[in-house]
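Since the structure comes first, as structure tokens, the remarks are kept for the end.
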Amino acid sequence: MPAIVIAAAVAAIFFLGYRYYGKYLAEQVYVLDDRRLTPAHTMMDGVDFVPTNKHVLFGHHFTSVAGAAPIVGPAIGIFWGWGPALAWVVLGTVFAAGVHDFGAIVVSMRNRAQNIGTLTRTVINERSRVLFLLIIFFLVTLVNAVFAVVIGNLFVANPAAVIPIFVEIPIAIYIGQYVYKRKTSALVPSLLGVAMLYLLILVGQRFPITQVAELSAQLGFQPRTLWVVIMFAYAFIASRLPVWVLLQPRDYINSHQLFIALGVIFLGVAVGFDRMVAPVLNTNIPEGSPNFFPFLFVTIACGAISGFHSLVSSGTTSKQIDKETDAKYVGYAGSIGEGSLAVGAILAAGAGIAIVGLDWNERYATFGSASGGAVGNFVNGVAGFASNLGVPPDLGRVFAAVVVVSFAATTMDTGVRLLRYIIAELGSLVPEKAGPVGGAVRKVGSNATLATAAAVIVPFALAVAPARGESTAGFAFGDLWRIFGTTNQLTAGLALAVIATYVARQGRNPMAQLVPLAFLLVMTTWALFLQVGDLFRAGDWLLGPLSSLILVLALWLIFEAAVSIRAALAASKAGRPLGGGEGGAGAGTGSSSTMPEWGGGTSA
């Protein structure tokens, strides 16, 4: 089938989803009201709580949730055929991810921008708060570990991408200062930033940074390991800066990259009229490969639905929403943006790689080769589509690598910031008389620098740990990716449980949340049971117990959520909604912020 036919059909479905289902959610389920002040106004501090133009915030939200996962997951998931992968991405985006991301923003926004873990205390009960915070801790740790290794691998394979990525940082800081001081729109400066970024690709090609290999050899490291060290050092610094200094301007620059990358993919598909070389349904699955059910639905997480999104939605995005009605655009349209990127990854891995002479059957001969080559398949596929537009394949590969690293680095920055919040909250829950260990935990949680250090050290240790039987390979595309996927999807299901409980307690119909919730919890608990057995049979005494602990926590929290949802539905049916945070952020009207337009309190 011509890839352009698939792209056009998906675009139409996404448009209808936003136009009609998004409107239904906004008006009938979440009932957005601009008369209610958001936490960005009532709690504004100029650091985390900043009223933000919805287009700028869309850029932050999208690039924070996108990372490498909506590229890697679909590029692996096509192993079972492009038909199942595409169906899950499209249906998951419209009926699960949009509901989840949009809902997490709204529920957090209505409850003083609390994160989704803390919200379980308000919406469900106190026990569930601790359980969810622990699951979130494991998830964000896995996210940061996986993405650090993805970036390290890309820098080793594409040294020409190093200069553009690192020079983007001072460019973004300058743009942030310029917009902040002049109280001006960020659009033109950020577009100039994108232009400079792509000009720097030519510089990177002329001066690829290969010296890291020599330095790492002298230090006794692999080059990838040294890049992981560098990226965690960057994330430590970046996560401590006010959001308007680096995070917002860089994310706005990177949001333009979304549209440019999608433009290259879909325009290249249209011009080349390339056909899918991947099968609709792969019938040549080698014996011993993971089963289609349930592993497709945890392999493709971001791009269909992802629990990490609820952490971003409730952790940073809800603190920057200027008006309640902006939540639909940022949350639901952000999900569609990520779904579009996932579709682009499917087209790149399913059609684009053939343009540069790669054989799909060889690249996807086994699940191991599919997972290990996922990022490379996307990069080569984008280079193929770019070549349809007259761009040399080598330049196209660097461009694609810059896109992936930009998104993954943004997710690391946001992930470390979120992990700091979670560590601080877990520390505050430890009793004062809990002994030396408890006292140390409280001390780490109460000190921003120590909490950030812990948020960096723990995922770093996991990122550099060796894989079973491969002393230098690391986990990223093996067992670590699988446990990340299952934990991520369990978190999405649990977040939907919180959102469904909130909606029911307001006397509204929670079926939009309950249907994807039931599907996700069945698929992910099934996958996690199978995974725990595989890990213990293989003698993995690190990830086996970790998976078991996550499974126990998840089952316990599912039980708590089920009891709460049942009570909320019973109360709603009886005509006595239970309440639960509606208007918690403050209601009424007030003066707009005096911050700049990242910042500006107005929507364009």
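Structural remarks
- Each Cα pair under 8 Å and six or more residues apart adds its separation to the average, and for the chain the resulting relative contact order is 31 percent.
- Gyration tensor (alpha-carbon) shape descriptor, the range 266-384, a/c threshold 1.5: oblate
- Rounded to the nearest 20 debye, dipole of the chain from Cβ charges on Lys, Arg, Asp, Glu: 1240
- Listed pairs Lys328/Lys573; Lys23/Lys328; Lys323/Lys573; Lys181/Lys328; Lys181/Lys323 exceeding 20 Å between Cα atoms: Lys328/Lys573; Lys323/Lys573; Lys181/Lys328; Lys181/Lys323
- Using Cβ point charges alone (K and R +1, D and E -1), the dipole size of the range 1-159 about the Cα centre works out to roughly 260 debye.
- Taking amide H as placed 1.01 Å from N in the peptide plane, Arg275 has its amide H under 5 Å from the amide H of Ala3, each at least 5 places away in sequence or on another chain.
- 12 Å beta-carbon shell around Ile124, net charge (K/R +1, D/E -1): +3
- Peptides 169-176, 102-109, 281-288, 323-330 ranked from most to least packed give 102-109, 323-330, 169-176, 281-288, packing being the mean of other C-beta atoms within 10 angstrom over each peptide's residues.
- Cα centre as origin, Lys/Arg/Asp/Glu Cβ charges: the range 211-344 dipole, Debye: 180
- Over the residues of the chain, the helix contribution to mean residue ellipticity at 222 nm works out to -22000 deg cm²/dmol, using -39500 (n - 2.57) for each DSSP H run of at least 4.
- Along the range 445-453 the Karplus relation, 6.51 cos²θ - 1.76 cosθ + 1.60 evaluated at θ = phi - 60°, assigns HN-Hα couplings of x, 8, 10, 4, 5, 5, 5, 5, 4 Hz to successive residues, with x for each Gly and Pro.
- For the chain, the per residue solvent-accessible surface stands at 35 Å², with DNA, RNA and ligands left out and a 1.4 Å probe.
- Couplings 3J(HN,Hα) for the range 131-143, derived from phi with the Karplus relation 6.51 cos²θ - 1.76 cosθ + 1.60 (θ = phi - 60°), are 4, 5, 4, 5, 4, 4, 4, 5, 5, 5, 4, 5, 4 Hz, where x marks Gly and Pro.
- Pairwise FRET efficiency - Tyr174 versus Phe207, Cβ, R0 = 22 Å, nearest 0.05: 0.50
- Projected-area average for the chain over all orientations - Cα convex hull basis, square nanometres: 25.7
- Listed residues Ala568, Thr225, Phe308: farthest to the positive end of the dipole of the chain (Cβ charges): Ala568
- Residue-span extension gain [Met43 to Leu192] - 0.36 nm each, minus C-alpha spacing: 50.4 nm
- Selection from Leu142, Gln248, Gly381, by position along the positive dipole direction of the chain (Cβ): Gln248
- Taking every protein chain into account, the 1.4 Å probe leaves Asp359 with about 80 Å² of accessible area, to the nearest ten.
- Apolar share of the accessible surface for the chain: 65 percent from carbon plus sulfur atoms, 1.4 Å probe.
- The mean sequence separation of alpha-carbon pairs under 8 Å and at least six residues apart, normalised by the residue count of the range 339-408, gives a relative contact order of 30 percent.
- With contacts taken as Cα pairs under 8 Å and at least 6 residues apart, the range 1-108 reaches a relative contact order of 33 percent.
The values are calculated or read from the model by the stated rules, or taken from the named source; none is laboratory data. In this text the structure is predicted, and so the values were computed from the model without any measurement. Note that we place each Cβ from the backbone using ideal geometry, even for glycine, and neighbour counts take in every protein chain shown. These accessible areas exclude ligands, DNA and RNA; they are computed on the full protein's heavy atoms, side chains included. Shrake-Rupley method; radii C 1.70, N 1.55, O 1.52, S 1.80 Å.
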